[in-house]
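Asks: So that we are looking at the same thing, I have put the structure below in structure tokens.
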Amino acid sequence: MRPALILGLCVALAVGTPALGAFNVEKGNGAVVAPAAGRRRFDVALADFGKPRYGALLTGQLVYPSEDAAFGTPARCGDVGCNFGCSPFNESSPPLSLPRAPGRRFVMLLDRGPRGDASRPCYFLSKALHAQAAGADALLVVNDGPGDLSTAVPPRDEGAARALAGLTISAGLISQEDGAALKELLRRGAPVAVALNWTDVLPRSSKVTWEFWTNSNDECGRVCDEQREFIKGFKSAARSLQVKGLVDFTPHYLVWVCQPGSSQEDCNSQCIRGGRYCCPDPDDNIHEGYSGADVLKMNIRSLCFAKVSKDRGEPWLWWQYADRFGEECRMNNGLYGPDCAQKVFDAVAGPNVGGPEGRAAWLACIETGSDYSDSPIPLLDAELAAQVGSDDDSSDGGTVAILPTVRVAGRQYRGGLSPGSVLRALCAAFPAGGEPSVCNEAWVSEDECREGAEGWLACKSGENSAQGRTRCINTFRGFDCDCGPGHMRVTDAVTGDQSCSAVNECLSSAVAWTREGCSCERCVCSHVPGGFNCSGPIPDYCTAEHDYGGCWRGSFGGRLHHACADNMRLYRYAAQNGRMDDGTRPFVCRCPPCFRATPSGGCEPACDPSACDASLGACLPGAPPAQPAPPPRGGGGGGGAGLGAALLVAAVAAAAVCGASNWHARQQLQREVRSILEDYVPLAGAPLADPNDPGDPSASTPTSWGGSRSGSYGRGGCSNSGSGSPAAHC
């Protein structure tokens with residue numbers, strides 16, 4: 001917590017006890033998450049300022065500004081290196097500003113110091129403010145020597161108190177050894193990501209105990225104002241938690257003892273009962289104004305109100321008493337005293353606490369007898385015992401050494417005294433998932449599911465295809481992804497971060513194949529992000545009914561030929577793998593076997609139809625080229641008729657001989673070709689190929705539904721231009 005009144009102030013009065021010199025170190029932990037080869041864990045001593053993300057985890061890219069460019073963030077800051085963070089980074093050369101983007105965070109690494117020049121101190125607070133201004137989300141300061149970690153505290157002046165109000169990042173100290181390891185990882189060149197973890201800083205319980213150590217003094221400047229503002233801002237949440245029985249809260253007031261040998265005048269002004277119970281003088285003037293003894297008596301009244309209201313079953317009323325006393329019973333208006341305290345009691349106690357029994361209990365509690373009596377006051381003895389913790393065991397919260405201090409679940413809270421920050425620490429002490437609803441409100445927990453935030457991105461909440469299928473659920477500790485149909489939830493093993501990843505249900509699930517529109521012989525399952533579509537039966541477009549897909553067609557030898565080829569195998573593969581585009585079709589236009597493309601975009605026979613082996617899709621070796629049909633000819637004389645008859649007989653005989661020769665040649669060629677091809681491709685009777693195998697994409701790319709209808713051998717259009725036109729495969 002931020003310091004206002006320190007027990008060290010009492011040294012000038014020669015008072016205090018050695019046990020009150022301790023300052024508890026509260027630790028979180030960090031880990032390197034990338035690169036994988038550099039993974040390690042390290043302790044982080046939480047700074048007593050800023051906003052630790054209690055109950056949460058922050059993962060960010062590590063940056064170390066230095067003149068040495070090998071660390072990846074080159075920057076020069078004059079006499080004192082940028083690695084110390086003593087001056088604003090926008091004044092460095094070049095100016096350093098970390099790029100802000102949704103889901104992207106930065107953790108800045110700086111060195112402690114430099115020490116030795118008292119005229120130019122470089123406070124931890126200054127480092128944190130400069131890191132925040134540069135765009136960092138958290139700060140790690142490397143200790144400048146070996147040994148145990150300590151708690152970083154801010155300067156004790158009004159300027160620092162005002163600066164603290166604008167600090168929103170968390171900060172902590174790490175060991176020299178861990179800092180050297182992190183720097184070495186950065187020097188290797190690969191990006192380094194670290195995770196800062198505050199999830200296990202506090203023990204967890206279904207009912208959280210916590211304490212607030214404060215003072216009724218209102219003349220300590222900004223820090224006193226801050227305590228008063230905290231009480232006012234927190235009283236509503238405090239009432240809600242206490243009414244529901246979720247927390248056990250106790251207010252406390254710091255007390256010290258006037259040691260033997262101290263000035264009698266000092267002890268009389270600031271103490272009662274012969275120096276047994278003391279408070280510092282509010283204005284540091286024991287001869288004028290209110291005394292420390294006056295403050296102690298008002299503290300007693302507040303403690304008594306807390307005791308009586310708790311005994312009467314309404315402990316939350318203390319917040320109203322403390323708030324109203326702080327507003328009305330001010331030292332600067334001369335109303336700080338017993339009469340004003342009584343009026344506040346009457347105003348806020350209500351019929352239960354303020355009734356005869358409650359009023360009698362309060363009056364009996366505040367009646368401590370003579371200030372000069374030698375007898376103890378049990379109420380104040382309890383306060384003295386509670387504020388002194390064990391040096392070797394932090395389970396009791398450690399020693400309370402500064403004001404204000406907050407203890408949560410036996411641990412000292414670290415961070416700014418703001419209602420949202422303290423409530424976040426309380427929420428972190430509940431079991432995961434069992435936090436009160438107030439913990440998810442925006443003033444306590446950052447909304448990770450807002451548009452552009454980390455959860456919104458990880459859960460794919462912004463993808464149009466995922467609308468209604470995935471959902472980001474904001475939680476106190478971060479976010480959860482609700483990944484619906486077509487998605488699966490993935491959890492990072494190191495950071496615990498969740499995300500939604502699209503699942504291809506056409507390939508990895510049987511759901512698609514139970515749908516009628518996906519399961520028929522000519523049905524196709526199309527993968528889309530977050531789901532799938534079923535095509536229903538797809539017709540065979542290579543039929544007259546569908547105009548042969550608009551491809552070329554023509555008649556030769558009394559038989560119709562066309563360039564349409566069914567492409568369902570590759571069409572199904574593209575659909576199942578989400579590779580469909582506007583040009584993907586269930587057929588392709590390519591010239592049929594033994595035909596070749598013409599310059600005009602049609603097809604023509606590559607050989608005489610009789611020399612085409614349709615099973616091989618190729619002309620037989622040595623086959624004569626196809627001849628265009630001769631033009632019609634006119635009639636002649638009778639001699640011509642005789643000659644024609646003779647030629648016809650000769651042609652028939654030659655054709656018979658040639659046909660027989662060709663048949664034998666064809667049979668021999670088929671045997672040889674099949675023997676070769678069977679070693680490489682499945683022929684008739686061989687097992688079918690995997691329907692998901694794309695085969696040769698260059699031979700099967702689907703074409704457009706239509707095509708040119710011009711060509712010398714009929715309708716349609718084929719081209720070997722390779723331009724990706726509908727006839728690119730002819």
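Asks: Can you go through Ala56, Ala131 and tell me which one is at pLDDT 95 or above, touching a strand residue (DSSP E or B) at 6+ places or on another chain (Cβ under 7 Å), not assigned by TED's automatic domain parsing to the domain that holds Arg407 and not aromatic (Phe, Trp, Tyr)?
Replies: Ala131 is the lone residue from the list that is at pLDDT 95 or above, touching a strand residue (DSSP E or B) at 6+ places or on another chain (Cβ under 7 Å), not assigned by TED's automatic domain parsing to the domain that holds Arg407 and not aromatic (Phe, Trp, Tyr).
Asks: Another question, then. Quick one: which of Asp294, Asp281 is more than 26 Å from Ser236 (Cα to Cα), modelled with pLDDT under 95, buried (at least 21 other Cβ atoms within 10 Å of the Cβ) and touching a Ser or Thr at 6+ places or on another chain (Cβ under 7 Å)?
Replies: Values: Asp294 fails: touching a Ser or Thr at 6+ places or on another chain (Cβ under 7 Å).
Going through Asp294, Asp281 in turn, just one is more than 26 Å from Ser236 (Cα to Cα), modelled with pLDDT under 95, buried (at least 21 other Cβ atoms within 10 Å of the Cβ) and touching a Ser or Thr at 6+ places or on another chain (Cβ under 7 Å): Asp281.
Asks: Could you please find all residues in segment 493-518 being closer than 20 Å to Ala453 by Cβ and out of contact with any helix residue (DSSP H, G or I) (no Cβ under 6 Å at 6 or more places or on another chain)?
Replies: Thr495, Gly496, Asp497, Gln498, Cys500, Ser501
Asks: Within segment 462-472, track down each residue that is modelled with pLDDT under 85 and out of contact with any Lys or Arg (no Cβ under 7 Å at 6 or more places or on another chain).
Replies: Gly462, Glu463, Asn464, Ser465, Gln467, Gly468, Arg469, listed by residue number.
Asks: Filter segment 318-366 for residues that are surrounded by 20 or more Cβ atoms within 10 Å (Cβ to Cβ) and farther than 30 Å from Gly289 by Cα and give the result.
Replies: Val353, Gly358
Asks: Now for a separate question. For residues that are in contact (Cβ under 8 Å) with a residue 40 or more places away in the chain, of a type in the set (Gly, Ala, Ser) and surrounded by fewer than 19 Cβ atoms within 10 Å (Cβ to Cβ), scanning just segment 541-564, find the one that is farthest from Thr598 (Cα to Cα). Can you show your working first?
Replies: Let us first name the residues in segment 541-564 that are in contact (Cβ under 8 Å) with a residue 40 or more places away in the chain, namely 541-542, 548-557, 559, 561-563.
Still in the running and of a type in the set (Gly, Ala, Ser): 549-550, 554-555, 557, 563.
With surrounded by fewer than 19 Cβ atoms within 10 Å (Cβ to Cβ) added as a condition, the list becomes 555, 557.
Working: Ser555: 16, Gly557: 19 Å.
In this case the residue turns out to be Gly557.
Asks: Assuming Glu67 fulfils every condition listed in (1) out of contact with any Lys or Arg (no Cβ under 6 Å at 6 or more places or on another chain); (2) farther than 30 Å from Ser499 by Cα; (3) modelled with pLDDT of 90 or more apart from one, which condition is it?
Replies: (1)
Asks: In segment 564-617, which residue that is of a type in the set (Phe, Trp, Tyr) and either under 24 Å from Ala544 (Cα atoms) or in a loop (DSSP other than H, G, I, E, B) (or both) is nearest to the chain's Cα centre (by Cα)?
Replies: Residue satisfying both the conditions and the ranking: Tyr571.
Asks: Moving on. Would a scan of segment 419-441 turn up a residue that is under 30 Å from Val511 (Cβ atoms), in contact with a strand residue (DSSP E or B) (Cβ under 8 Å, 6 or more places away or on another chain) and among the β-branched types (Val, Ile, Thr)?
Replies: No: zero hits.
Asks: Out of (1) under 25 Å from Phe476 (Cβ atoms); (2) assigned to a loop (DSSP other than H, G, I, E, B), the odd one out for Cys220 is which?
Replies: Unmet for Cys220, out of (1) under 25 Å from Phe476 (Cβ atoms); (2) assigned to a loop (DSSP other than H, G, I, E, B): (1).
Asks: How many residues does segment 222-248 hold that are in contact with a Lys or Arg (Cβ under 9 Å, 6 or more places away or on another chain), hydrophobic (A, V, I, L, M, F, W, C) and either closer than 23 Å to Asp311 by Cβ or at pLDDT 95 or above (or both)?
Replies: Of the residues in segment 222-248, 2 are in contact with a Lys or Arg (Cβ under 9 Å, 6 or more places away or on another chain), hydrophobic (A, V, I, L, M, F, W, C) and either closer than 23 Å to Asp311 by Cβ or at pLDDT 95 or above (or both).
Asks: Considering only residues that are free of Cβ contacts under 8 Å to residues at least 40 places away in the same chain and touching a His at 6+ places or on another chain (Cβ under 7 Å), look in segment 565-605 and name the one that is surrounded by the most Cβ atoms within 10 Å (Cβ to Cβ).
Replies: Here the answer is Phe595.
Asks: Also, quick follow-up: Are any of the residues in segment 43-58 crowded, with 18+ Cβ neighbours inside 10 Å, hydroxyl-bearing (Ser, Thr, Tyr) and touching a Pro at 6+ places or on another chain (Cβ under 8 Å)?
Replies: no
Asks: (1) surrounded by fewer than 19 Cβ atoms within 10 Å (Cβ to Cβ); (2) not assigned by TED's automatic domain parsing to the domain that holds Met108: which one isn't true of Ala190, the others all being true?
Replies: It fails just one condition, (2).
Asks: Also, I was wondering about something else. Can you name every residue in segment 34-54 that is farther than 14 Å from Leu139 by Cα and either without any contact (Cβ under 8 Å) to a residue 24 or more places away in the chain or touching a Phe, Trp or Tyr at 6+ places or on another chain (Cβ under 6 Å) (or both)?
Replies: Listed by number, the residues that qualify are Ala36, Ala37, Arg41, Tyr54.
Asks: Scanning segment 471-507 for residues that are hydroxyl-bearing (Ser, Thr, Tyr) and in contact (Cβ under 8 Å) with a residue 12 or more places away in the chain, which turns out nearest to Arg53 (Cα to Cα)?
Replies: Filtering segment 471-507 for residues hydroxyl-bearing (Ser, Thr, Tyr) gives 475, 491, 495, 499, 501.
With the extra rule that they be in contact (Cβ under 8 Å) with a residue 12 or more places away in the chain, the set shrinks to 475, 495, 499, 501.
Details: Thr475: 13, Thr495: 15, Ser499: 21, Ser501: 27 Å.
Of everything passing the filter in segment 471-507, Thr475 is nearest to Arg53 (Cα to Cα).
Asks: Thr209 passes all but one of (1) under 30 Å from Pro35 (Cα atoms); (2) assigned to a strand (DSSP E or B); which number fails?
Replies: Going through the list (1) under 30 Å from Pro35 (Cα atoms); (2) assigned to a strand (DSSP E or B), Thr209 breaks only (1).
The values are calculated or read from the model by the stated rules, or taken from the named source; none is laboratory data. The shown structure was predicted, so the numbers you read here are calculated from the model rather than taken from an experiment. Note that each Cβ is placed from the backbone with ideal geometry, even for glycine, and that neighbours are counted across all protein chains shown.
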